[in-house]
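Before any comments, here is the structure.
The values are calculated or read from the model by the stated rules, or taken from the named source; none is laboratory data. The structure displayed is predicted, hence computed values, not measured ones. Reconstructed Cβ throughout: ideal geometry from the backbone, glycine too, with neighbour counts over all protein chains shown. Side chains included, ligands, DNA and RNA excluded: accessible areas come from the protein's heavy atoms. Shrake-Rupley method; radii C 1.70, N 1.55, O 1.52, S 1.80 Å.
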Amino acid sequence: MDEVIQVTQWLSSITPRKKAKLFFFTTHADAPSPMVGSNDVDTHEETQLPLATTVALHNFKNIDEFLKKKVNTFSCYNVIENEITKTDYEYLRFYSACKYLDVVPPFLDLEKISAIQNKFEMTDEERDYRLLLDSADLVLEKVCDSLKPAGVSQMWTALRKDRNLIRGVKTIDIIGFFVDPNPTGIKECLFFFIVRFLQKADKINRVHTNRLERLIAQCDESSSCEEGKTIDFIIDSLRFYPTELYPFGFCLIMCVIEGRDGAMQEIEKTMEISRHLGMITHTEKNPTKETIELVKKELMKPKYQFYSSFTCWFMSHGDSNSMVLADGETIEREWFLTSFPDISTFQLKPKVFFMVSCRGANKFSLKGDEFEGQSATCDYYDIGSALIRNRMLDLTDSVRDISYVQPMMDTLVAYSTILDHLSGRANTHGSIYVDRACVLMSENISRGRSMTEILEHLSQDLHEILQETMDEDRIVYKQACHYDSFFRKTLKLPYTRHPKEDVHSAPQ
């Protein structure tokens, strides 16, 4: 059959809502740039003009033409073996979006998909189409599904009132002030236009969604939300790190085995809970400084930009400032923690570090009372938000910026013990901290718990456990863990994942 006829038949089989979503997923806002094959042309017209004209004319002609062009480009594309191009990313995004929406063209060359995945050095686990979907876009899709056409129309009206933001934007004028979002698929096109416009204007990204939340907050709840949804519910969904679908993220496990009884148990437990959480896992036994440098270099490869989060378990002996490696050398803990968050492939994504080692030789002995009265409590007073706002600065958009980010932002570091103190372990089971952390994470999957909630529970649980030193003094002591957070959103534990099964149910 002629390819033109095939493409026409394929497009005619897709509903308007799915066409809007396919266009949205395919015009991914955070595509890497510059790339081989990119001519540095402003993609504003390509990503927003088809949406604008579709909304204005209630006609999907331009989106159809865009999708036809994509299909034709991929049909003629020759996969180059030794370099990753912009088209490689686009091909993978297009394929994953089609798979997710259950609209894969029957004529799409899957061998090219495999060849591109080979260029990215993807393992069998990483070839799951769900890895290639952008989790932030999936969250935005759910927000769109939770809004009625009237809700999106109200967002549009609120956006149009911000004259400083929309001044001189031709696509805004194409749509006009008054919009009828009720025809099938038009609501989606208008919402996705608003999202891509705010992204291009550097007002929102995968972490900063305040500007979008403010638009939603101006909607009238009775007319704007789908049944069972509320404005608060929709806004809350934007306040979590986007980690939709499988995999939850990439997990790196580094464990020094030499001279550490129960170390293999630590590896088994952390691997088990990581897989249970839906992470793709890599383990390094007995790491050295050279190993760490090689791992950092590996994590800079382009394929890791598809992951939604990064988790690292580092288990070894240590003291207040450093950790002991397998060859007896030491590395500064601070150097380790500051070198990983700066890796560009995980920028704007949650990074969690579990640092499991002693940080000194002190013990919280139960025989002494020197720690008595050291805890503190704080009273919280209910003060009306209006009263607070009246006393606060009026911060306009002109004094806000989301372009530059401190490397440690979106990072959480969990320590198995406090500074200058021991981190306890059992001869056969390894670190007690690792054991309890894995148990609590396993128990709380599917309960909607966040990572910080788990760590707070872990702090309580661990501090109840009586431990005993292995020396001749046999001192009974307690261990206290803690964490430092630079998170800007909440990281929720995922629901149980089944990586080898297709658990996907195609959206409407």
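Remarks
- Positive dipole terminus of the chain, leading residue within Phe94, His276, Gln305 (C-beta point charges): Phe94
- The GluC sites (Glu not before Pro) found in segment 45-107 that occupy coil by DSSP, while having at most 16 further C-beta atoms within 10 Å, are Glu81, Glu83.
- Reported to the nearest whole Å, the Cα centre-to-centre distance from segment 439-468 to segment 83-121 is 40.
- Additional length obtainable on full extension of the chain from Asp102 to Thr338, 0.36 nm per residue less Cα span: 80.8 nm
- Other residues whose C-beta falls under 11 angstrom from the C-beta of Pro16 contribute a net charge of +3, scoring Lys and Arg +1 and Asp and Glu -1.
- Surface listing: Lys289, Lys187, Lys86 arranged by accessible area from highest to lowest gives Lys289, Lys86, Lys187, probe 1.4 Å.
- Nearest-10 value in Å² for the accessible area of Asp232, using the 1.4 Å probe: 100
- Percent accessible area from carbon and sulfur atoms, the chain, protein chains only, probe 1.4 Å: 48
- Inter-label distance for Glu83 and Thr330, nm, one decimal - labels placed 7 Å from Cα along Cα-to-Cβ: 4.7
- Glu453 - accessible surface, heavy atoms, 1.4 Å probe, Å² rounded to 10: 90
- Calculated on the Cα set of the chain, radius of gyration then Dmax: 25.7, 85 Å.
- Here Leu49 and Ser485 are evaluated by their C-beta separation; at R0 = 30 Å the FRET efficiency comes out at 0.15.
- For Thr411, the residues whose modelled amide H falls within less than 5 Å of its own, excluding neighbours fewer than 5 places apart on the same chain, are Lys351, Phe486, Phe487.
- Ordering of 348-358, 470-480 by packing [mean C-beta count within 10 Å, highest first]: 348-358, 470-480
- Net lengthening on full extension, Met264/Glu290 (0.36 nm per residue, minus Cα-Cα): 7.2 nm
- Entries of Lys301/Lys478; Lys285/Lys492; Lys297/Lys478; Lys112/Lys170; Lys19/Lys86; Lys99/Lys285 with Cα pairs more than 31 Å apart: Lys301/Lys478; Lys297/Lys478; Lys112/Lys170; Lys99/Lys285
- Rounded Å value of the spacing that divides the Cα centres of segment 230-300 and segment 410-436: 16
- Evaluated at q = 0.09, 0.22 Å⁻¹, a Debye calculation over the C-alpha positions of segment 58-166 (equal weights, vacuum) places log10 I(q)/I(0) at -0.35, -1.25.
- Highest mean first, the peptides 142-149, 312-319 sorted by other C-beta atoms within 10 Å per residue fall in the order 312-319, 142-149.
- Normalising the average separation of contacting C-alpha pairs (under 8 angstrom, six or more residues apart) by the number of residues puts the relative contact order of the chain at 15 percent.
- Order of exposure, largest accessible area first, which applies to Glu329, Glu266, Glu125 with probe 1.4 Å: Glu329, Glu125, Glu266
- Radius of gyration (Cα atoms) of segment 261-372, expressed as a multiple of 2.2 N^0.38 Å: 1.23.
- Förster radius 25 Å - calculated FRET efficiency between Lys301 and Ala115, Cβ distance, rounded to 0.05: 0.90
- Residue order by solvent-accessible surface for Met409, Met300, Met451 is Met300, Met409, Met451, largest first, with ligands and nucleic acids left out and a 1.4 Å probe.
- Protein heavy-atom accessible surface, 1.4 Å probe, per residue over segment 100-200: 39 Å².
- Extension gain from Ala158 to Glu3, taking 0.36 nm per residue of separation minus the Cα-Cα distance: 51.4 nm
- Taking Cα centre as origin and charging only the Cβ of basic (Lys, Arg, +1) and acidic (Asp, Glu, -1) residues, the dipole magnitude of segment 35-155 rounds to 500 debye.
- Using a Förster distance of 45 Å, the FRET efficiency for Arg239-Glu472 (Cβ separation, nearest 0.05): 0.30
- The label point for Ser12 and the one for Asp124, both projected 7 Å from the Cα toward the Cβ, are 4.2 nm apart.
- Environment charge of Arg239, counting only residues whose C-beta is closer than 9 Å and scoring Lys/Arg +1, Asp/Glu -1: -1
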